[in-house]
Amino acid sequence: SDRKWQGYLEWCDRFFWAVDADFPTDLLPDGSGLIIADAYDAEILRMAEESPLPPARRKVMVQKFARHAALRLQALRDPGLTLVL
């Protein structure tokens, strides 16, 4: 039902679908990875094709991730502080 998944491809090195064992995996497109998971474990059944991010985009994404992580940590340490994302 996720019709926008192809828009995610430009933001990742590899794209995986994670579904449970009862999911009809023949509905999933070729070229994407497949992870079968339950409440206790997961296993990669099909490795996704690799398409590395451009270096500039990777740098921006890593910096955004680090900033959000730092802001969350600061919010835990000082709950009364108003943070700007």
**Q.** Residues within region 2-23 that are open to solvent by less than 60 Å² (accessible area, probe 1.4 Å) and either out of contact with any Lys or Arg (no Cβ under 9 Å at 6 or more places or on another chain) or outside any loop (DSSP other than H, G, I, E, B) (or both), tallied
**A.** 7
Q. Say we look at region 43-67 and pick out the residues that are part of a helix (DSSP H, G or I) and basic (Lys, Arg); which of these is least open to solvent (accessible area, probe 1.4 Å)?
A. Arg57
Q) Checking Leu71 against (1) among the aliphatic types (A, V, I, L, M); (2) open to solvent by 70 Å² or more (accessible area, probe 1.4 Å); (3) part of a helix (DSSP H, G or I), which single condition isn't satisfied? A) (2)
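The values are calculated or read from the model by the stated rules, or taken from the named source; none is laboratory data. What you are looking at is a predicted structure, and each value in this text was computed from that prediction instead of being measured. Glycine gets a Cβ as well: all are built from the backbone with ideal geometry, and neighbour counts include every protein chain shown. All accessible areas refer to the heavy atoms of the entire protein, side chains included, with ligands and DNA or RNA removed. Shrake-Rupley method; radii C 1.70, N 1.55, O 1.52, S 1.80 Å.
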